[in-house]
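Undergrad: Below is one structure. I have some questions about it.
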Amino acid sequence: MIKERVGAQQPVGMIAAKIGTAGLEILVRRDHGVGWQPMVVAAPGSLIFFQREAEEIAKRLRMEYDLDN
């Protein structure tokens, strides 16, 4: 299956929309092991909780999307 190539902001928006919490700030960085990885940098509650949520969503999104150069 060919993955769609997207800019880093698109997965950020998709992850934030699926979590659906205001005040959430996420960055996406390249990762040589899995392609790209979300990083929660600000959240209205526990960063660890939201980081785990973001990682679970990213697992599914990485099956469809690669980061563009």
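Since every read-out is calculated from the coordinates, none of them should be taken as a lab result. None of these values were measured; they are calculated from a predicted model.
Undergrad: Express the relative contact order of the chain as a whole percentage, based on alpha carbon pairs under 8 Å and six or more residues apart in sequence.
TA: Averaging sequence separation for qualifying contacts and normalising by length gives 40 percent for the chain.
Undergrad: What fraction of the Cα pairs in the stretch 4-67, stated in percent, has a spacing above 14 angstrom?
TA: 49 percent
Undergrad: By how many nm would the segment from Lys18 to Leu47 lengthen if fully extended, with 0.36 nm per residue of separation less the alpha-carbon distance?
TA: Stretched out fully, the Lys18 to Leu47 stretch lengthens by 8.8 nm.
Undergrad: Per-residue HN-Hα couplings for the stretch 3-12, Karplus 6.51 cos²θ - 1.76 cosθ + 1.60 at θ = phi - 60°, whole Hz, x for Gly and Pro?
TA: Here the 3J(HN,Hα) series is 8, 6, 8, 9, x, 4, 6, 5, x, 4 Hz.
Undergrad: Please give the contour-minus-distance gain from Met1 to Met63: 0.36 nm per residue of separation, less the Cα-Cα distance, rounded to one decimal in nm.
TA: In short, 21.4 nm is gained.
Undergrad: Step through the residues of the stretch 16-29 one at a time and calculate ³J(HN,Hα) from phi using the Karplus curve (6.51 cos²θ - 1.76 cosθ + 1.60, θ = phi - 60°), rounding each to whole Hz and writing x for Gly and Pro.
TA: With coefficients 6.51, -1.76 and 1.60, one gets 4, 5, 5, 6, x, 10, 5, x, 8, 10, 10, 10, 10, 10 Hz.
Undergrad: Compute the angle between helix 47-61 and the longest alpha-carbon principal axis of the chain, please, reported from 0 to 90 degrees and rounded to the nearest 10.
TA: The two axes meet at around 20 degrees.
Undergrad: Give me the number: length gained by fully extending Gln37 to Glu56, i.e. 0.36 nm times residue separation minus the C-alpha to C-alpha distance, one decimal in nm.
TA: 5.8 nm
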